[in-house]
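The values are calculated or read from the model by the stated rules, or taken from the named source; none is laboratory data. Everything numeric here is computed off the predicted structure, so don't read it as measured data. Here the Cβ positions follow ideal geometry from the backbone for every residue, glycine too, while neighbour counts run over all protein chains shown.
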Amino acid sequence: MTAAAPLKLSDLSLSTTVAGLIAMLTGYTSSLVLMIQAGQAAHLSDAQIASWIWALSIGMGVTTLGLSLMTRVPIVVAWSTPGAALLIASLPGVPYPEAIGAFLLAALLMTAAGLTGWFDKLMRALPASIASALLAGILFRISVDVFVQAAHQTVLLLTMFGTYLVGRRLWPRYAVPGVLLVGVALAGVLGQLHFEQIRFAVTLPVWTTPAFSLSAFISIGVPLFIVALASQNIPGLAVLRADGYHVAASPLITVTGVASAILAPFGSHGINLAAITAAICTGPEADANPRRRYMAAVVCGIGYLAAGIMAASIAALFAAFPKALVVAVAAFALLGSIANGLTVAMQAPAERESALLTFMITASGMTLAGVGSAFWGVVGGMLALAVLRPRQRAA
């Protein structure tokens with residue numbers, strides 16, 4: 001990694017602060033329940049589940065802060081959401097120490113992918129149109145849910161929608177912070193904020209000595225590595241590059257792999273590059289100046305660390321907000337990134353159809369062979385590009 005420019009506190013603004021907080025909030029509320037569900041299905045104790053959240057939060061906070069400050073690029077790290085979903089089915093029946101050993105081996109495989117440099121070669125072979133369509137498809141699938149929520153939370157979401165439109169007209173840079181403030185205030189008036197069950201306590205990590213078995217490695221370790229690579233790291237790099245941040249992939253993959261390995265004995269099933277939450281920090285809503293957007297990731301990283309310290313209480317805290325509010329704020333924050341992704345994806349006429357297929361497959365949310373739509377979107381788009389390009393050139 002090249003040396004970064006000196007840190008300037010003046011780079012911190014209201015928009016970058018709000019973007020970082022929204023990214024952190026979205027990351028927890030979107031999939032924290034999956035880990036709690038997986039832990040309960042495997043009969044883990046409350047202390048072990050809290051340690052799991054602690055390990056992921058501390059790892060995400062340290063790597064997000066470190067990488068963003070070193071590169072002055074908004075690099076956001078997240079836990080493997082597809083991996084958490086996978087563990088709901090695969091963790092029960094596997095002794096917990098063997099599951100920890102599988103987490104460790106998956107992390108070492110990811111580290112090797114970064115150190116050998118072959119992940120960088122893979123990303124260089126991915127055209128900008130396909131990467132941008134991938135980004136737009138991922139974000140579209142998340143953002144469109146705001147209109148589904150409108151059927152259940154009509155007053156809240158219509159008010160937030162109106163606030164966004166007025167904000168974009170009168171104060172474009174602060175439209176999303178305005179939506180957040182109005183949404184929280186209205187949710188409070190409607191009695192939809194539930195803080196009464198929150199009890200704050202500092203979390204103590206729980207060490208579990210890894211044990212190794214071939215069955216756990218095959219049933220947990222290998223699938224974790226594949227879904228993290230295909231559904232997290234490839235989209236995460238695509239988000240960065242679609243917004244104009246061309247950083248070497250291998251060091252990022254290596255750092256997250258090493259951090260995952262260190263934290264595995266405390267319950268971490270793996271941290272990877274973020275896609276959805278990263279787009280909140282890399283897009284134009286975070287700051288009009290791309291060089292200042294890294295501060296959004298810094299704020300997000302600090303939020304991760306604070307959440308990790310209070311991991312035992314974090315689930316109740318984020319459950320206090322209505323889902324519709326979180327979905328709406330994230331959707332409005334991602335509109336600029338979706339528009340930029342579609343614009344770049346459609347620029348090259350020879351690649352337009354392939355990019356469109358990438359977008360459609362990714363946005364569908366399909367799962368095939370246990371791997372999510374982001375991976376299959378890239379496969380479908382690249383296949384279409386290989387087949388259609390010769391015909392278009394001949395024409």
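Below is a table of values for the structure above.
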{"item": "Index of the failed condition, residue 110 passing every other in (1) out of contact with any helix residue (DSSP H, G or I) (no Cβ under 8 Å at 6 or more places or on another chain); (2) more than 20 Å from residue 326 (Cα to Cα)", "result": "(1)"}
{"item": "Residue list for the stretch 243-286, filter: surrounded by 24 or more Cβ atoms within 10 Å (Cβ to Cβ) and farther than 27 Å from residue 55 by Cβ", "result": "243, 283, 285, 286"}
{"item": "Subset tally (residues that are more than 21 Å from the chain's Cα centre (by Cα) and not in a helix (DSSP H, G or I)) for the stretch 341-370", "result": "4"}
{"item": "Candidate set: the stretch 72-86, residues that are under 15 Å from residue 239 (Cβ atoms) and not in a strand (DSSP E or B); chosen: the one modelled with the lowest pLDDT", "result": "81"}
{"item": "Filter result (at pLDDT 90 or above and in contact with a Pro (Cβ under 6 Å, 6 or more places away or on another chain)) within the stretch 266-280", "result": "266"}
{"item": "Selected residue [part of a helix (DSSP H, G or I), within 19 Å of residue 79 (Cα to Cα), out of contact with any strand residue (DSSP E or B) (no Cβ under 7 Å at 6 or more places or on another chain) and of a type outside the set (Asp, Glu)] from 298, 378", "result": "298"}
{"item": "Selection within the stretch 197-236 - aliphatic (A, V, I, L, M) and either more than 25 Å from the chain's Cα centre (by Cα) or over 23 Å from residue 76 (Cα atoms) (or both)", "result": "198, 201, 202, 204, 206, 211, 214, 216, 218, 220, 222"}
{"item": "Members of the stretch 1-51 found to be among the small types (Gly, Ala, Ser), part of a helix (DSSP H, G or I) and modelled with pLDDT under 75, listed by number", "result": "10, 30, 31"}
{"item": "Criterion: touching a Pro at 6+ places or on another chain (Cβ under 8 Å) and either free of Cβ contacts under 8 Å to residues at least 60 places away in the same chain or in a helix (DSSP H, G or I) (or both) - qualifying residue of 227, 179, 239, 258", "result": "227"}
{"item": "Candidate set: the stretch 372-395, residues that are crowded, with 19+ Cβ neighbours inside 10 Å and at pLDDT below 80; chosen: the one nearest to residue 134 (Cα to Cα)", "result": "374"}
{"item": "Checking residue 215 against (1) crowded, with 20+ Cβ neighbours inside 10 Å; (2) out of contact with any helix residue (DSSP H, G or I) (no Cβ under 6 Å at 6 or more places or on another chain), the condition it does not meet", "result": "(1)"}
{"item": "Subset of the stretch 141-158 that is modelled with pLDDT of 80 or more and crowded, with 19+ Cβ neighbours inside 10 Å - its residue that is farthest from residue 227 (Cα to Cα)", "result": "156"}
{"item": "All positions within the stretch 99-118 that are of a type in the set (S, T, N, Q) and either assigned to a helix (DSSP H, G or I) or surrounded by 24 or more Cβ atoms within 10 Å (Cβ to Cβ) (or both)", "result": "111"}
{"item": "Whichever residue in the stretch 120-132 is in a helix (DSSP H, G or I) and in contact with an Asp or Glu (Cβ under 9 Å, 6 or more places away or on another chain) and, among such residues, is surrounded by the most Cβ atoms within 10 Å (Cβ to Cβ)", "result": "130"}
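Residue-wise test of (1) in contact with a Phe, Trp or Tyr (Cβ under 6 Å, 6 or more places away or on another chain); (2) surrounded by 20 or more Cβ atoms within 10 Å (Cβ to Cβ); (3) modelled with pLDDT of 80 or more.
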{"position": "334", "(1), (2), (3)": "no, yes, no"}
{"position": "337", "(1), (2), (3)": "no, yes, no"}
{"position": "346", "(1), (2), (3)": "no, no, yes"}
{"position": "354", "(1), (2), (3)": "no, yes, yes"}
{"position": "362", "(1), (2), (3)": "no, yes, yes"}
{"position": "369", "(1), (2), (3)": "no, no, no"}
